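Written out below as structure tokens is the structure these notes cover.
The values are calculated or read from the model by the stated rules, or taken from the named source; none is laboratory data. Everything quoted here is computed from the prediction, not taken from an experiment. Glycine also receives a Cβ, built like all others from the backbone with ideal geometry; neighbour counts cover every protein chain displayed. The protein model used for the area step is the full one, side chains on, heavy atoms only, and it has no ligands, DNA or RNA in it. Shrake-Rupley method; radii C 1.70, N 1.55, O 1.52, S 1.80 Å.
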Amino acid sequence: MFSHRTDLYASIPRTCLPIVYHSDYNITFMGLEKLHPFDAGKWGKVIHFLKEEQLITDGNIVEACEATEEDLLVVHTKRYLNRLKWSLVVATITEIPPVMFLPNFLVQRKVLRPLRTQTGGTIMAGKLAVDRGWAINVGGGFHHCSSDRGGGFCAYADITLAIKFLFERVEGISRATIIDLDAHQGNGHERDFLDDRRVFIMDMYNRHIYPRDGYAKRAIKRKVELDWGTEDSEYLQKVELHSEGALNEIRPDIIIYNAGTDILDGDPLGGLSISPHGIVKRDEIVFRAAKRRGIPILMVTSGGYQKKTARIIADSILNLHRQGLIGPEAVFFSFLAQISHHT
């Protein structure tokens, strides 16, 4: 298969931690971003907290590159990308109505470029996860976007793109498992992989909220539907049971973990009642399951609509580090697990 030339798989110095970010992730534009419940600066805040705790410095994180049109065409149709040249279409996808009145060059620069940079970050993190055993894109997780349609603040299908890039370009990667624990159903990647047997999808979400996409649900191999107000004990039990079950059913070459924080109690869109501690514990359960099996894992941060979510994401990453689930030593253990699996 012919693969186009891309900068997203450039080699990264071993001195860098596989944590991917760029200041361009953050959407700031005359206060318009405040019209959406999403905290459009949360990614920069996560990095700020991680620097404060001295887990990372400017010198040891990986700087994301913007996905080019050629990169995006690996999954997206030309027709869909052309539709994003209409401000009205972008306003509908991002759910920020005044965007429709802005000239499209501004919409491209101020709204879509940040999302393209986060998408590039997810693709880069996919390769890094395979190389290092784990990677975290501090942004990304646009799981409502598929090859030919966006929605729910998601304009590019970064999860689908990361997986297709790996399948096309990295030897030995032919099966992927998506563990989607955002509060919403991940109908974008589900539509993209509906008939693709190489991709196993586990999705755990509030059954009563957006997008309620019955067609896309047919792609879910392990479906866990939650009710309003689900709390920590029931939630964490289900995360453990089903992530272990999913990974026992099919052993993938890579796990893409969509770690939305919109499950947090009080989130205006998620409708669940998980505590900050519950979110930290959830991420630990998933990373532990991956590490035990020596499977590389890529985490993206997805939805989360409260001001405190940035602190919780940072606390979770710090906890993963304290538990030895990420960091240079995690790579070594993952490598040992891989060897024992193959021998």
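Output the relative contact order of the stretch 2-154, whole-number percent, from Cα pairs under 8 angstrom with separation of 6+ residues. Normalised by residue count, the contact order of the stretch 2-154 is 34 percent. Across the stretch 237-253, computed HN-Hα scalar couplings (Karplus, 6.51 cos²θ - 1.76 cosθ + 1.60, θ = phi - 60°) run 4, 5, 4, 5, 4, 7, 5, 4, x, 4, 6, 6, 5, 9, 8, x, 8 Hz from first to last residue, x flagging Gly and Pro. In a solvent-free Debye calculation with one equal scatterer on each Cα, what is log10 I(q)/I(0) for the stretch 160-221 at q = 0.19, 0.23, 0.24 Å⁻¹, listed in the order of the q values? Debye output, listed in q order: -0.67, -0.91, -0.97. At a Cβ-Cβ separation cutoff of 4.7 angstrom, cysteine residues of the chain with no neighbouring cysteine are Cys16, Cys65. Around Asp182, under 9 Å between beta carbons, what's the net of Lys plus Arg minus Asp minus Glu among the other residues? Combined, the nearby Lys, Arg, Asp and Glu give -3. Computed over the chain, the per-residue total of -39500 (n - 2.57) for DSSP H runs of n ≥ 4 gives a 222 nm mean residue ellipticity of -12500 deg cm²/dmol, rounded to 500. In whole Å, what is the distance between the alpha-carbon centres of the stretch 273-312 and the stretch 221-243? The stretch 273-312 and the stretch 221-243 have Cα centres spaced 14 Å from each other. Of the beta bridges in the chain, as assigned by DSSP with both residues counted there, near 5 percent are antiparallel.
If the chain linking Asp131 and Gln108 were pulled fully straight, counting 0.36 nm for each residue of separation and taking away their Cα-Cα distance, it would gain 5.0 nm.
In summary, the lysines within cross-link reach of Lys164, defined as a Cα separation below 20 angstrom excluding same-chain residues under 8 places away, comprise Lys78, Lys127, Lys221. Plainly put, the stretch 59-190 has a radius of gyration that is 0.97 times its Kirkwood radius, both from alpha-carbon atoms, as the Rg/Rh ratio.
Partners of Lys45 within straight-line reach, counting lysines whose Cα lies under 17 Å from its Cα and excluding those fewer than 8 residues away in the same chain: Lys34, Lys307, Lys308. When the surface is traced with a 1.4 Å probe over the full set of protein chains, Met100 keeps roughly 80 Å² accessible. Backbone geometry of the stretch 57-63 corresponds, through the Karplus equation with coefficients 6.51, -1.76 and 1.60 at θ = phi - 60°, to 3J(HN,Hα) couplings of 9, 4, x, 10, 9, 8, 7 Hz, x marking Gly and Pro. The C-alpha atoms of the stretch 222-331 occupy a region whose extents along the principal axes are 36, 29, 21 Å, arranged from largest to smallest.
Once the chain from Asp7 to Ser174 is taken as fully extended at 0.36 nm per residue, the excess over their C-alpha distance is 57.9 nm. Taking the square roots of five times each eigenvalue of the Cα gyration tensor of the stretch 116-180, the equivalent ellipsoid has semi-axes of 20, 13, 10 Å, listed largest first. Taking θ as phi - 60° and the Karplus parameters 6.51, -1.76 and 1.60, the scalar couplings of the stretch 123-132 work out to 4, 4, 5, x, 5, 4, 4, 5, 6, 10 Hz in sequence order, x denoting glycine and proline. A viscosity of 0.890 mPa s and a temperature of 25 °C, combined with the Kirkwood radius over Cα pairs in Stokes-Einstein, give a translational diffusion coefficient for the chain of 124 µm²/s.
The spread of Cα positions in the stretch 1-134, taken along each principal axis and listed from longest to shortest, comes to 45, 44, 19 Å.
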